[in-house]
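The values are calculated or read from the model by the stated rules, or taken from the named source; none is laboratory data. Keep in mind that this is a model prediction, so the values were computed, not measured. Quick reminder, even Gly has a Cβ in these numbers, built from the backbone with ideal geometry, and neighbours come from all protein chains shown.
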Amino acid sequence: MFGRFNGGRPGTVAVEARTPIKQVRYVAIDTELTGLDEKKDGIVSLGAVRMTGGTIHPGETFYQLVNPPNELSAESVVIHEITPSEVRGQPDIRTALLDFFAFCGQDVLVGHFVNIDLCFLDRESKRLSGTTVTNPVIDTISVYTWLRKRLPMAECFARPESGISLYDIARTFDIPLEGAHNALQDAFTTAQLLQRFLPLLGAAGVIDIGDLLTIGTPFKGGDHHHRPTGEFSNL
C-alpha cells in the first residue's frame, strides 16, 4: 500500500497514489450554463467522455440537455446555441445529475478551468442531496501551465502562447475544433488535451496519478472574475 490521494478536495473519494496514470479511468466533463451568476444561473447541458489512460472511448459518452429553472438569455443562446424550445420537455437538473453522476462513477474527472463546472455541479448536488462532487479532479489548465514551465523547449510550446482558453490550447496541439460550446464536444476536446499531455508528463517524470492530481489541482482563479474579457461559456 503506497497511500491514497483525493485530488485536493476535502471529502473526495481516494485513489491509489502510485497507480500509473496510463492505467487510470478518467471522465472528461463539460457544462454549458445559462450564465455565470453563481446564485441565479444554472446548467443547461452536461457532456462527458470516458478515457483509460490516453485511450479515449468514443462509445462511452454522456450528453444531456437540461430544462433550467430560469430563462435562457439571448447572450447564452448565442454562445451555446441551445434554444428555449430545445430544453422544453427535457429532464430537470435532478434527473440529469443522477444520470450524469451514475455515468462518472468514481472515475477521475477532467475539465478545463474545471472549478467553474464544479461550482455549479456542487451547488446543485448539495441542494438536491446534501453532498458535493466526491471524485478526484484534474484541471487541464493547471497541467498545461505546469508542463509549459517544465518543458519550455518542447516543440508544442515553441510558439508564443496565444491564450489559455480550451480552444486556444487545443489549437496549440493541433486538435480539430468542431461544435465549440457544445458540452459533449468540449468534453471530447478536453479528453484530447489530456491525451496529448500524457507523453509530455512522462518526459517530465510524472508517472503516478498522485503526482498528476497534485499538478492538476483545480485552478482557483478559474471563476468568471478571472476570465478574459468577452468570454462567456466554458473556457
When you check Glu38 against the structure, is it closer than 30 Å to Ala74 by Cβ, surrounded by 20 or more Cβ atoms within 10 Å (Cβ to Cβ), modelled with pLDDT under 95 and of a type in the set (Asp, Glu), yes or no? no
Scan (1) within 16 Å of Val24 (Cα to Cα); (2) surrounded by fewer than 18 Cβ atoms within 10 Å (Cβ to Cβ); (3) of a type outside the set (S, T, N, Q); (4) touching an Asp or Glu at 6+ places or on another chain (Cβ under 9 Å) for the single condition Asp211 breaks and write down its number. (4)
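Is it true that Ile56 is touching a residue at least 40 places away in the same chain (Cβ under 8 Å), farther than 14 Å from Glu32 by Cβ and part of a helix (DSSP H, G or I)?
Spelling it out, it is not the case that Ile56 is touching a residue at least 40 places away in the same chain (Cβ under 8 Å), farther than 14 Å from Glu32 by Cβ and part of a helix (DSSP H, G or I).
For (1) without any contact (Cβ under 8 Å) to a residue 60 or more places away in the chain; (2) in contact with a strand residue (DSSP E or B) (Cβ under 6 Å, 6 or more places away or on another chain); (3) closer than 27 Å to Lys40 by Cα, each residue gets a yes or a no:
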| position | (1), (2), (3) |
| --- | --- |
| Thr132 | no, no, yes |
| Val137 | no, yes, yes |
| Ile141 | no, no, yes |
| Arg150 | yes, no, no |
| Ser165 | no, no, yes |
| Gln192 | no, no, no |
Scan region 80-89 and give yes if some residue there is of a type outside the set (D, E, K, R) and at pLDDT 90 or above, otherwise no. yes
Output yes when any residue across region 195-205 is surrounded by 17 or more Cβ atoms within 10 Å (Cβ to Cβ), in contact with a strand residue (DSSP E or B) (Cβ under 7 Å, 6 or more places away or on another chain) and at pLDDT 95 or above, and no when none is. yes
Hey, among the residues in region 19-35 that are modelled with pLDDT of 95 or more and in a loop (DSSP other than H, G, I, E, B), which one's nearest to Arg94 (Cα to Cα)? Val24
Does region 52-72 include one or more residues that are closer than 23 Å to Ile164 by Cβ, out of contact with any His (no Cβ under 6 Å at 6 or more places or on another chain), surrounded by fewer than 13 Cβ atoms within 10 Å (Cβ to Cβ) and modelled with pLDDT under 95? no
Ala154 vs. criteria under 15 Å from the mean Cα position of the chain (by Cα), of a type in the set (Gly, Ala, Ser) and either modelled with pLDDT of 90 or more or within 25 Å of Val78 (Cβ to Cβ) (or both): no
